[in-house]
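Structure first, commentary second.
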Amino acid sequence: MVKPWDDDNLEGPASFIGMTDEPRRGGSFFGRRKGKPLRLGQRQAVETVLPKLLVDLSKPAPIRLSELFENSVDAVRLEIGFGGGEHLLHAARTNPATGFIGVEPFESGLAKAVTAIGREAIRNVRLYDQDAVLLLDWLPPASIARIDLLFPDPWPKKRHWKRRFVNQANLDRIARCLVAEGTLRLATDVESYAEWVCEEVVKHPRTIVVGDSGEPWSDWPGTRYEAKAARAGRGARYITVALRANDTPSN
């Protein structure tokens, strides 16, 4: 298994629950925050560009989440654990009328994405650098069109399963945030984790698996982590989760 803090793995495992050197907070999503020292350009981007992009949870969430963005957007998506931003930035570039919120507490990945956003003047991305659970609790109900969770840490040891991001409590949060026709998309190269996800989704009263394939989604750009897993002989599962047809969003 590739370690989530490898530089070559910036697009890799999305959720680093319980590995942080800071105290865990309520099922903390993230882990080790710092890796190798940032390059000068990355440090400058973090100092000057990042503050303008960060979502401020100390303020109430806007009724219309589109108000977070400089440009007009007609839908908002969320990516949890975007690594170096490979997938997030591809989606933002190809969907300029959609707003994207990316969560990534790992400093090197965050700096890489912020540098690209500043260089390209991408206007439809906002970022959050702390625990994804806190952001999910802050978001207005029925405000997110899609959530992407790509190659999350599988926490393979049984005693660590409680740290896996996909669990009943977080599915509650996800179901609350999704619009009625919204989806959660998850990719993993760990078969046992894919089965865990499907089992958790089936157990949850508001969610259902509507897609489970060894082939990626049609708009999937591929990531370096996915390619690295393939070279190691690990195929991936691409799972799509939706709200049940009779589901009624709750506040």
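The values are calculated or read from the model by the stated rules, or taken from the named source; none is laboratory data. Just so you know, these numbers come straight off a predicted model, no measurement behind them. Using ideal geometry, Cβ is built from the backbone for each residue, glycine included, and neighbour counts are taken over all protein chains shown.
A quick yes/no check of all residues on (1) of a type outside the set (D, E, K, R); (2) under 20 Å from the mean Cα position of the chain (by Cα); (3) not assigned by TED's automatic domain parsing to the domain that holds residue 174:
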| position | (1), (2), (3) |
| --- | --- |
| 46 | yes, yes, yes |
| 50 | yes, yes, yes |
| 56 | no, yes, yes |
| 62 | yes, no, yes |
| 82 | yes, yes, yes |
| 85 | yes, yes, yes |
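On the basis of being touching a residue at least 12 places away in the same chain (Cβ under 8 Å), in a strand (DSSP E or B) and touching a strand residue (DSSP E or B) at 6+ places or on another chain (Cβ under 7 Å), does residue 209 make the cut? Spell out how you get there, then give the answer.
On the way: touching a residue at least 12 places away in the same chain (Cβ under 8 Å): yes; in a strand (DSSP E or B): yes; touching a strand residue (DSSP E or B) at 6+ places or on another chain (Cβ under 7 Å): yes.
The answer is yes for residue 209.
In region 195-202, is there at least one residue being more than 27 Å from residue 141 (Cα to Cα) and within 20 Å of the chain's Cα centre (by Cα)? Show your work before the answer.
Initial filter on region 195-202 (more than 27 Å from residue 141 (Cα to Cα)): 195.
Adding the requirement that they be within 20 Å of the chain's Cα centre (by Cα) leaves 195.
Yes - at least one qualifying residue is present in region 195-202.
Please pick out the residue among 145, 92 that is over 12 Å from the mean Cα position of the chain (by Cα), in the same structural domain as residue 180 (by TED's automatic domain parsing), at pLDDT 95 or above and of a type in the set (A, V, I, L, M).
Values: 92 fails: in the same structural domain as residue 180 (by TED's automatic domain parsing).
Only one candidate qualifies: 145.
Considering each of 127, 136, 184 in turn, give the residue that is within 16 Å of the chain's Cα centre (by Cα) and assigned by TED's automatic domain parsing to the domain that holds residue 217.
Details: 127 fails: assigned by TED's automatic domain parsing to the domain that holds residue 217; 136 fails: assigned by TED's automatic domain parsing to the domain that holds residue 217.
Just a single option satisfies the conditions, and that option is 184.
Which one of the conditions (1) out of contact with any strand residue (DSSP E or B) (no Cβ under 8 Å at 6 or more places or on another chain); (2) not in a loop (DSSP other than H, G, I, E, B) does residue 96 fail to meet, given that it meets all the rest?
Evaluating residue 96 over (1) out of contact with any strand residue (DSSP E or B) (no Cβ under 8 Å at 6 or more places or on another chain); (2) not in a loop (DSSP other than H, G, I, E, B) leaves (2) as the failure.
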